[in-house]
1. Given a 1.4 angstrom probe, I'd like the percentage of the accessible area of segment 472-547 that is carbon and sulfur, rounded to a whole number.
2. For K305, which lysines qualify as cross-link partners when the Cα separation must be under 22 Å and same-chain residues fewer than eight apart are set aside?
3. Taking the highest mean first, how do the peptides 288-294, 52-58 order by number of other beta carbon atoms within 10 angstrom per residue?
4. Tabulate in residue order the Karplus-calculated ³J(HN,Hα) for segment 269-285, using 6.51 cos²θ - 1.76 cosθ + 1.60 with θ = phi - 60°, rounded to whole Hz; enter x for Gly and Pro.
5. Mind scanning K44/K192; K563/K585; K29/K112 and naming the pairs with a C-alpha gap bigger than 24 Å?
6. On average, how much accessible surface per residue is there in segment 401-513, in Å², for a 1.4 Å probe, leaving out ligands, DNA and RNA?
Amino acid sequence: MSRIHLMDEILSNKIAAGEVVEKCVSVVKELVENSIDAKATNIKIELIESGTQEIKVVDNGIGMDKEDALLAFQRHATSKLRDEDDLYRIDTLGFRGEALPSIASVSMITIKTCSENLGTLVNIEGGKITEVGTCEARKGTTIEVKKLFYNTPARLKHLGSLNNELTNIIDYVNKIALSYPDIKFTLTNNGKIILNTPGDNNLLKVINAIYGTDVARNMLPLEASNDDYEISGYISKPIISRATRTHLITIVNGRVVKNNELNKTIIEAYHTYIMENRFPIVVLNITVDSSLIDVNIHPTKMDIKFSKMDGLKETIKNAVHNTLVSINLIQKVEHPKPEISMADIVISNNQIQQELNLERYEETIPFNDEFIVKEETNITYGNTNKEVETLEENESEKIPELYVAGVVFATYIVCQNNLGMYLIDQHAAKERINYELFLNKLSNPDNNSIDMLFPITIELPLNESIILKEHLHILANMNIKVEEFGMNSFVVKSHPVWLPKGNEENAIRRIIDLILDIKNDFSLEKFNDRVAATLACKASIKANDTLSLEEMENLIDDLRKCKNPYNCPHGRPTIIKFTKYEIEKMFKRVV
Ligand code: ZN
Ligand code: ZN
């Protein structure tokens, strides 16, 4: 190749680098995906200063011979097979095959690789090969990328803060580790271990490595399928929740994808199990014939379209719902555990939040305890599995037999059995009972209505009366008979039998309020849900209402019959358990 030609090439690589390589994570991605292509089962990613000084990826894959090693860093290298699978994984890196030369053009690279018996060493500086030699013959490839953008100061300025670069990399490596539980991933920054997965094809262990034992032992396995899709994975119990939906992870045929509709489906399945604006941790593997998906290749994100989406959504929703319904979800109070050594925390939450624009952060970056590093992750794996097993053993019964022991703060019913002590929030419990009752009545309307002894007259401003007139059929379906009475007045003549006694007028007015609040995306199902939740709250005994022993016992019996007895319609807990063991531990009767 002539010198001038070479300079041209370096220049065009540098230009391409601007489009292809933006952040340290782009480099990590390219190198890690090359390692996966090379059939590595062990991939180590070592960063110095969040990758800004050095990114080193060591794998035990098939390696390259000298010719391939040199070719890999030239533009339009064709050594790599461009099959469908390759196209499928073009997610953030533009066109694969161009990324390595681009990275090389804006950094200093050392490659050590060995395919058979001979190790090859190549040094590249700013796109120019400065050394080609031999090195020790260790199976696999090691690539060190140093001083990214050292020769393009304008690009260098675009790198985020150290924490920003690091969180992007952690987010990426977490997802790739979840996608490939059969590969052992190790991620370090300045010598500190951030992630260390076992690579033994156990997804729960990867979840444990990323989120810690507390999350892992609160994950429920899930499996489902229909004619087209196979789904497996783990969903968190409602007590584990996060402020963002970042941890709803869907992996399709081995690749993490982003699909808002699937996320919405998962969130809907958790409806009332989890507080509003809180989100579960979910890792779902979806296997499907590739002819049923359409991958939209966009430089910055990976979106995907599914054929037979409705069937897929239904299957996921049912699977999540059935998993939650099948298990005892009474929240347990546990004696505080020994603190995890603070030295292990790589980045504290405060630090991150100070440094990052919060909005962007909420969208893309995991936070909270995910940054807690567990160096001895191996030890926790055993415990995790054991605890998950024992939890499942005695969780067949939703609400066990309980004996009322008293009431505290005129709000919480204290109960006991031989397993522990329970507190039941009387308002939340009654709210749940009424909510399920009303929702059932609303979803299966009968014709039982009562004429009102004193019809209620409702007067509305003209604009609102127009809205109400448009929606009178909704009231009619509910067996609320309303007649227009002059310009902007209405008379309510009858109502369904199930409306809370003594509170009928109030209930009707609230239903009308909800009708006036109807938005364009009206769905009867969601409307009924709002009506049931609103009426349930108003109809239920309050904190500070005094109940007789019999009323308390009836309340517990009714709660036990609920589909989800653990949460009020707003996701707050109805019942909390202190196990006998935990109580004895607190009193030092057991150690
Ligand atoms: Zn309430
Ligand atoms: Zn509530």
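1. 50 percent
2. Cross-link targets: K175, K258, K264, K313, K317.
3. Most protected by this proxy first, the peptides run 52-58, 288-294.
4. Computed from phi, the couplings for segment 269-285 are 5, 8, 3, 6, 7, 9, 4, 4, 6, 10, 9, x, 9, 9, 10, 10, 9 Hz.
5. K563/K585, as the Cα separations exceed 24 Å there.
6. Here the residues of segment 401-513 average 53 Å² of exposed surface.
The values are calculated or read from the model by the stated rules, or taken from the named source; none is laboratory data. This one's a predicted model, so the numbers in the text were calculated from it and none came from an experiment. In this analysis, Cβ positions are derived from the backbone assuming ideal geometry, glycine residues included, and neighbour counts consider all displayed protein chains. Each accessible area value is taken on the protein alone, full model and side chains, heavy atoms only, with ligands, DNA and RNA left out. Shrake-Rupley method; radii C 1.70, N 1.55, O 1.52, S 1.80 Å.
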